[in-house]
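Right, one structure below, let's go through it.
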Amino acid sequence: MPNEIGTDLNKLILGIDHIGIAVPDLDTGKALFEGILGLHEHHAEVNESQGVSESMIAFPDQGAQIQLLAPLGPDTTIGKFLANKGPGIQQLALRVSDVELVASHVRASGIRMLYDTPRIGTAGSLVNFA
């Protein structure tokens, strides 16, 4: 259904980009996905602004990825998530053609976005969270 901007939101969603999994220890998490499932890390970084050390693990020949998120400290978003809920799925990230337009549509639907404007996330991508 078109929104007030005149755009079908589903046309802006290109697919699932990744599933973010909170883990207490990045090396232990990587051992599970690399050792047991035979997948391989293709990108790793420390994102100080989000308080995480992360590893992107790719499925061969597929667009979807697994993002392992380990906290840089107990007072970070992931640190608090682990303390409250334990290890597990923390986010489902969609790949979109225009993050600002999608955020506008989501806000117009009454859903709060975490940031007023997109921020730099993994590998320099623009991100926002609902």
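If I model a spin label at Lys80 and Ser109 as a point 7 Å from the Cα along the Cα→Cβ vector, what separation in nanometres do I get?
In this crude spin-label approximation the distance works out to 2.4 nm.
Quick one: angle between helix 99-108 and the longest Cα principal axis of the chain, in degrees between 0 and 90, rounded to 10, please.
Roughly 70 degrees between the two axes.
Which residue, chosen from Gly88, Val23, Gly51, occupies the Cα position most advanced towards the positive end of the dipole of the range 1-116, where the dipole is computed from +1 (Lys, Arg) and -1 (Asp, Glu) charges on Cβ about the Cα centre?
Checked the options; the winner is Gly88.
Using heavy-atom solvent-accessible surface (probe 1.4 Å) with all chains present, what is the largest-first order of Ser49, Ser109? List each step's numbers first, then the result.
Numbers: Ser49 105, Ser109 75 Å².
Reading off the accessible areas and sorting them downward yields Ser49, Ser109.
Where the accessible area of the chain is counted over protein heavy atoms with a 1.4 Å probe, how much of it, in %, is carbon and sulfur?
56
What whole-number value in Å² describes the accessible area per residue of the chain for a 1.4 Å probe?
Ligands and nucleic acids excluded, the figure is 60 Å² per residue.
What FRET efficiency, computed as 1/(1 + (r/R0)^6) with R0 = 22 Å and r the Cβ-Cβ distance, is obtained for Thr117 and Lys11, rounded to the nearest 0.05?
Efficiency, rounded to the nearest 0.05: 0.50.
Along Cα→Cβ, 7 Å out, is where each label goes; now give me the distance between the ones at Phe59 and Leu92 in nm to one decimal.
Label at Phe59, label at Leu92, 1.4 nm between them.
On a full-extension model of 0.36 nm per residue, what is the gain between His40 and Leu101, subtracting their alpha-carbon distance, rounded to one decimal in nm?
Answer, rounded to one decimal: 18.7 nm.
Taking the Cα centre of the range 1-90 as origin and charging only Cβ (+1 Lys, Arg; -1 Asp, Glu), how large is the dipole, in debye to the nearest 20?
Computed charge dipole of the range 1-90: roughly 260 debye.
The values are calculated or read from the model by the stated rules, or taken from the named source; none is laboratory data. Please read all numbers here as calculations on a predicted model, not as lab measurements. Every residue, glycine among them, receives a Cβ derived from its backbone with ideal geometry; neighbour counts consider all protein chains shown. Just the protein is used for accessible areas: all its heavy atoms, side chains included, with ligands, DNA and RNA removed. Shrake-Rupley method; radii C 1.70, N 1.55, O 1.52, S 1.80 Å.
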